[in-house]
Every structure is written in structure tokens, then in C-alpha cells.
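A quick write-up on the structure given underneath.
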Amino acid sequence: MQMKFGVLVFPGSNCDQDTYHVISDVIEKPVTFLWHESSDLEQCDAVLVPGGFAYGDYLRTGAIAHFAPIMQSVKRFAASGGLVLGICNGFQILAESGLLPGALMRNAGLKYICKQVYLRAETTDSPFTNQLREGEVLKIPIGHMEGNYFCDTATLQQLEAQRRIAFRYVSAKGEVTLAANPNGSLSNIAGILNEGRNVLGMMPHPDRSSEAMLGSADGLRIFQSMVSALAMQ
């Protein structure tokens, strides 16, 4: 099946080129940039909201981006079952847009953190994780100041009950520990799914870990999962 990916571009996006490269040159699928002022998703089958500092992260991370014309189209696309992946700032934008519950707050240490971390795949039942094994540990980097995920107790219980926590920060051995949590995220959460399981937000960067020369190619599995899911449609 032919499939087409779209990478959103906001003023301040800085991982749009990285994300485009993974789709175009690593998994070798058609991909286009989608400008924030446009409302046209150009018949894309999957939308990627990349990392960076959309609109300079003024007010709050993602707070201005969610008003962009392109995001109104993304909301309709997601409501119709379209695949949407938000990475780092993209996760923040999806949360601000109401496509995912909760909020991303300042890191517990109030410092920007950029380093390799370990994630544990908590579910394989999604278009983004179908090529993973439950409990599998991935090495994927983070680079953020506001990655501290928080939600209320009822929302956390719902995420747990519906198995919508996609990834947790863990040790290299796969253990959920305080020391393995780089930013103070509630329940070590690194990525979550919406109720329809077609929207994923994650703070770690699979776009920066899709080639071995970058120190890990584990992130590629997430994009390969999307390809597999789209091929089944």
C-alpha cells in the first residue's frame, strides 16, 4: 500500500528536518512538510508533530501552537481515526490541543535535560507499538525542559485501566525507579495514547534514535510500527 506522512512545521520547530529524514531516507516512505498556517493535510495518512519550540514556547509549551490552522485539521483528522504522533514539543502541543489528557510541566529539577534514557514498552496494542514486545526496553534520548507529565487521579486510573500508557521511564534493566525518572513524571510516564489509540504523545525522541550512528536505532521501531499499521488499513 502507498502511504504518505506529513510533518508539521511551526515557527520554532527544530526537529522537523530530523523527522522528515527518518521517513524519507530511513524507512523510505513519501513525506511532506505541512505549514502551520495551512489547513490542508495534503491527503496524508499519518501526521507527525515534531519537537522544538513552537512559537518560542511563549505562554506555555504548545499553548499558541494549538490555535494554528493546521492543528484544527489535525484534530478533525484524529477524530476520524487518522494516526498522529507527537514527539517532545509535539506531545506538549497535543496535550494543549486536548487530543491527549494531562499536562507537561517543568522538569522536577527545573533544568533542561538532554541525554539518553531507557523506556519500557507498556503495550503493543497500538499502531505505534505493534512491532515491540511488551516489557521491551528501548534506548531513546530526551531533550526537554517541560517533560514532567501530570494528570489527575481519575485520569491516571483511566490510563492504567485502558492500557493507554505506552512508555515508562525505566532503568537499563527495565525497572521503574525514581532514579530512572529524568523529569519527575507521574508514574514514570514517558508516552500516552488517546482513547482511540490512534494518537500517541511521547517526550523521548524516536527521530533522534532511528539510526545506529546516533547511538541507538531503537526509535525506528515506532515508525516501523506505524508503517505496519497503515499497511493493514
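We did not get these values from a lab; they are worked out from the coordinates using the rules stated. Keep in mind it's a predicted model, so treat the numbers as computed, not measured. Positions of Cβ are backbone-derived with ideal geometry, glycine not excepted, and every protein chain shown enters the neighbour counts.
Applying a DSSP loop filter and a limit of 12 other Cβ atoms within 10 Å to the chymotrypsin sites (Phe, Trp or Tyr not before Pro) in the range 17-109 leaves Tyr58. What the Kirkwood sum gives for the chain is a hydrodynamic radius of 17.2 Å, with every pair of different alpha carbons counted.
Electrostatic bookkeeping for Val49 treats Lys and Arg as +1 and Asp and Glu as -1; over the other residues with beta carbon under 14 Å from its beta carbon, the sum is -3. Counted over the range 5-231, the DSSP beta bridges are approximately 60% antiparallel. Per-residue extension of 0.36 nm, minus the Cα-Cα distance of Thr32 and Gln157, leaves a gain of 41.2 nm for this segment. Only helices enter the 222 nm calculation for the chain: every DSSP H run of n ≥ 4 contributes -39,500 (n - 2.57), and dividing by all residues gives -5500 deg cm²/dmol, rounded to 500.
Partner aspartates and glutamates whose Cα lies under 19 Å from the Cα of Lys115, excluding those fewer than 8 positions away in the same chain, are identified as Asp18, Glu146, Glu175, Asp207, Glu211, Asp218.
Label point of Phe150 set 7 angstrom out along Cα-Cβ; within the range 98-129, amide nitrogens under 11 Å from it belong to 103-108. In this structure, Lys173 and Asp25 have a Cβ-Cβ separation that, at R0 = 25 Å, corresponds to a calculated FRET efficiency of about 0.15. Gain on full extension, evaluated as 0.36 nm per residue between Glu134 and Ala79 minus their Cα-Cα distance, stands at 17.1 nm.
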